[in-house]
Each structure stands twice: as structure tokens, then as C-alpha cells.
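Asks: Below is a structure I'd like to ask you about.
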Amino acid sequence: MTASLDAAQLMSTVDAIYRREIRVLQNGEYLDWLGFFAPEFRYRMPVVKNTDARADMIARDGELAYYDEDRVTMELRARKLASAHAWTEIPPSRLRYFVQVLDVFTTDTGLEAVSNVLVFRTRNESQEHIYYGERTDRFVRVGDEWKIAERVVVLDRARLAAENMNIFL
């Protein structure tokens, strides 16, 4: 199936998925957001370190991460955010997502997309946070749809200024 898609179709397909995903996230529909992911997936956001060598900046697999989740743990996070028990989200954050697809290509198992991501988060009257970095998604076919099997988000900051990490990138 993937061999029949040309570069423009790949970009258009991934862009359409991301536009729908952004709407769901901006509306705080976190349980619905999980529908963008394959039944078994991994969502990882490794810590970024200040080092002399570029190759050592990003924590490796198994090292410290802001997120290193699978469906079970991500569903727990989403359920909490959807409930009245997420006191750090009362009142809820206002979110604005910007995703720029840089490259999409086929792999042996599906698609891979590399994007720039920028998220503005505001809460109450004075809390403002900006998150920006690179996101790599690996997509697989699940029935007739492309689903995210793995997402790795690498922020461009070594230190987060936010009081909590209650958003998904």
C-alpha cells in the first residue's frame, strides 16, 4: 500500500492526520486523542542535556525522559486530565498547536514523519509557556487508517520553565 503513495500524497496524508489531532488536543479531548495511536504504541520525550557533543545532548532510550509511555500509562494520564481530579488543570490551559511537517517517507513497516512542533500554553492570567522542538512519528496501518505506533518529541530546551507537564506534544 505504501509503495503506491507519492511524496505529495504522503505529506498530505500526514498533514491531514496532524490537523485533526491538533483540533482534538486544543479542545482537551484527551481520551479521543488516544484514537490517533496504534493499539500498542510508545510516546517518548527524552530529557535534553547541555553537553559539548551534539550526539550526547538527547537522553538515550532507557535514560531519563519527561514522558516514556505506552497505551496503559498514557490512558491513565488522559483519564486523569479528563476528570475533575487534575487540579493543575483547573481552570484548564488554553493551548495553541503549530506543526510543520518537514519530511515524510515510507519504511518497511509504514510511514515515518519528521516535524517541527510549537505549542503555546496559557493558564489563568499570568502563566505562559512555550514548547518547541522536533517530533518524529512512526505510523502503521491499522485497518484502513494510519495510526501512530511511536512518537518521539525532542524539545529545544534543556530546562522546562513550566510548573507541570500536563500537555501532550
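Asks: So in region 156-167, with the set limited to residues that are more than 14 Å from Phe120 (Cβ to Cβ) and not basic (Lys, Arg), which one is modelled with the highest pLDDT?
Replies: For region 156-167, the residue satisfying everything is Asp156.
Asks: While we're on this one: For region 20-31, which residues satisfy the criterion of being assigned to a helix (DSSP H, G or I), without any contact (Cβ under 8 Å) to a residue 60 or more places away in the chain and surrounded by fewer than 16 Cβ atoms within 10 Å (Cβ to Cβ)?
Replies: If the condition is that a residue be assigned to a helix (DSSP H, G or I), without any contact (Cβ under 8 Å) to a residue 60 or more places away in the chain and surrounded by fewer than 16 Cβ atoms within 10 Å (Cβ to Cβ), then Arg20, Arg23, Leu31 are the ones that fit.
Asks: Sticking with this structure for a sec: Restricting to region 69-88, and then to whatever is modelled with pLDDT of 95 or more and over 16 Å from Phe36 (Cβ atoms), can you tell me which residue is nearest to the chain's Cα centre (by Cα)?
Replies: Of everything passing the filter in region 69-88, Thr73 is nearest to the chain's Cα centre (by Cα).
Asks: Also: Going by the conditions given, is Gly35 free of Cβ contacts under 8 Å to residues at least 60 places away in the same chain and more than 18 Å from the chain's Cα centre (by Cα)?
Replies: Taking the combined requirement at face value, the residue does not satisfy it.
Asks: Quick check: is even one residue across region 102-116 of a type outside the set (S, T, N, Q), modelled with pLDDT under 90 and in contact with a helix residue (DSSP H, G or I) (Cβ under 6 Å, 6 or more places away or on another chain)?
Replies: no
Asks: Then there's this: Scanning region 114-169 for residues that are assigned to a strand (DSSP E or B) and among the small types (Gly, Ala, Ser), which turns out nearest to Leu34 (Cα to Cα)?
Replies: Per the criteria, the residue is Ala149.
Asks: State whether the residues of region 70-81 include one that is in a strand (DSSP E or B) and either surrounded by fewer than 17 Cβ atoms within 10 Å (Cβ to Cβ) or touching a strand residue (DSSP E or B) at 6+ places or on another chain (Cβ under 8 Å) (or both).
Replies: No, because not a single residue in region 70-81 is in a strand (DSSP E or B) and either surrounded by fewer than 17 Cβ atoms within 10 Å (Cβ to Cβ) or touching a strand residue (DSSP E or B) at 6+ places or on another chain (Cβ under 8 Å) (or both).
Asks: Among residues belonging to region 84-124 that are of a type in the set (Ser, Thr, Tyr) and crowded, with 18+ Cβ neighbours inside 10 Å, point out the one that is farthest from Trp146 (Cα to Cα).
Replies: By that ranking, first place goes to Ser93.
Asks: Something else: Being modelled with pLDDT under 90, of a type in the set (Ser, Thr, Tyr) and surrounded by 13 or more Cβ atoms within 10 Å (Cβ to Cβ) is the requirement here; does Tyr66 meet it?
Replies: The answer is yes for Tyr66.
Asks: Take the residues in region 125-143 that are closer than 21 Å to Gln9 by Cα and either modelled with pLDDT under 95 or among the β-branched types (Val, Ile, Thr) (or both), then tell me which one is surrounded by the fewest Cβ atoms within 10 Å (Cβ to Cβ).
Replies: Val142
Asks: Go through region 30-71 residue by residue and tally those that are within 19 Å of Tyr131 (Cβ to Cβ) and either touching an Asp or Glu at 6+ places or on another chain (Cβ under 7 Å) or of a type outside the set (S, T, N, Q) (or both).
Replies: Total satisfying the criteria: 19.
Asks: Please work out if Glu150 is in contact (Cβ under 8 Å) with a residue 40 or more places away in the chain, buried (at least 16 other Cβ atoms within 10 Å of the Cβ), acidic (Asp, Glu) and closer than 20 Å to Ile17 by Cα.
Replies: Criteria met by Glu150.
The values are calculated or read from the model by the stated rules, or taken from the named source; none is laboratory data. Remember, predicted model here, so these are calculated numbers, not experimental data. So basically every Cβ, Gly included, is an ideal-geometry build from the backbone, and we count neighbours across all protein chains shown.
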